[in-house]
Amino acid sequence: MPPATGPEAPSRRPVNAPSPQRRAPRRPRNDPAQYDDLAGEWWGTRGQFAALRWLAEARGRLIPNPPHPGAALLDLACGAGLLSVALTGRLAGWRHVGVDLSAPALRQATGHGVLAVRADVHRLPLPDGRFSCVVAGELFEHLADLDSACAEIGRVLAPGGTVVIDTLADTLFCRLALVRIAEHLPGGPPRRLHDPSLLVAPDRLADALGRAGIDMTVVGGLRPSIVDYARWLARRADSVRMLPTGSTAGVYQAVGLRTASVGGQR
């Protein structure tokens, strides 16, 4: 719409018309501000975060039953609270606490029953040993300081607690297929969301968590169902199942058990 020609010129856009969509600014790779730019995409079945919804559903399969009603589950990089969809049925007893840097995303998470905390995962404003389960989904591939984040997870996780993980592997396949190519495919990650130099190999992640008193085991890989993806592209389905695979060259899942405090104290 051309600009008004004077201070009294009225708008020509109808009152109920949607605001014009603005192009998101081009940001450096892995810039957290991208999540603010794309805040309207979180819950759309065909939005730019569609694959995060698919992954959240798969993540829920690894979350243990709450040890008691109201037990606290910490959802790191929770975004708009997509994991809340999985916390039903056997998982309904968890108290869902979410941490993220994006204020617009956290406002949406609150609307889905998440107790939202705006914070950096490297410096969690949360008490020691409070959480029976920590979920770190699609987080570690965004961190420049892996060790400090793992130390914080170990600090807030209760003895005997579980960490549930999915992340992108540090492999040539992942850097090409799931970052460079997938950024241009429907349902793939938004462009420039990932920095390939930050992807994390399972052994490196296991070492970092081990130093924090967490024993990590790789469960396996995940891939989208080809049939579901074809139906999603044809608009005959609203979601795509993420299926287990033996290959951990792309997205891999892991679980960790809190066995000791930092320094080896039980």
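Each value in this text was obtained by applying a stated rule to the coordinates, not by laboratory testing. In this text the structure is predicted, and so the values were computed from the model without any measurement. Here the Cβ is made from the backbone with ideal geometry for all residues, glycine too, and neighbour counts use every protein chain on show.
Angle, helix 146-156 long axis vs. longest principal axis of the chain, Cα atoms, 0 to 90°, nearest 10? Result, in degrees: 70.
Fully extending the segment from Arg118 to Arg204, taken as 0.36 nm per residue of separation minus the present Cα-Cα distance, adds 28.2 nm. Taking other C-beta atoms within 10 angstrom as a stand-in for reagent exposure, His112, His122, His194 fall in the order His122, His112, His194, fewest first. Fewest-first ordering of Thr167, Thr248, Thr88 by other beta carbons within 10 Å of each residue's beta carbon gives Thr88, Thr248, Thr167. Remark on region 171-266: Rg and Dmax equal 16.8, 55 Å (Cα only). Listed from fewest to most Cβ neighbours within 10 Å, the set Tyr35, Tyr229 follows the order Tyr229, Tyr35. Net length available on complete extension from Ile226 to Ala249 is 6.5 nm, with 0.36 nm assigned per residue and the Cα-Cα distance removed. Among Ala144, Ala103, Leu126, whose Cα lies farthest out toward the positive end of the dipole of the chain, if unit charges sit on the beta carbon of Lys, Arg (+1) and Asp, Glu (-1)? Farthest towards the positive pole: Ala103. Using the Cβ atoms and a cut-off under 12 Å, what net charge is assigned to the surroundings of His122, where Lys and Arg are +1 and Asp and Glu are -1? The answer is -2.
Near Pro64, once Lys and Arg are set to +1 and Asp and Glu to -1 for all other residues with Cβ below 13 Å from its Cβ, the sum equals +4. For the chain, the C-alpha radius of gyration divided by 2.2 N^0.38 Å, with N the number of residues, is 1.08. Less than 5 angstrom separates the built amide H of Leu185 from none of the residues sequence-distant by 5 or more or on a different chain.
Averaging the Cα positions of each part gives two centres, and for region 180-234 and region 82-134 these lie 21 Å apart.
Compared with the dominant Cα axis of the chain, that is its longest principal axis, helix 202-211 is turned about 60°. Divide the volume of the convex hull around the Cα atoms of region 64-109 by the residue count and you get 61 Å³ per residue.
In the chain, helical runs assigned H by DSSP with n ≥ 4 each contribute -39500 (n - 2.57); averaged across all residues and rounded to the nearest 500, the mean residue ellipticity at 222 nm is -5500 deg cm²/dmol.
Around the Cα centre of the chain, unit charges on the Cβ atoms of Lys, Arg, Asp and Glu (plus for the first two, minus for the last two) sum to a dipole of about 740 debye.
What's the local net charge at Arg46, with K and R +1, D and E -1, over the other residues with C-beta under 14 Å away?
Neighbourhood net charge equals +1.
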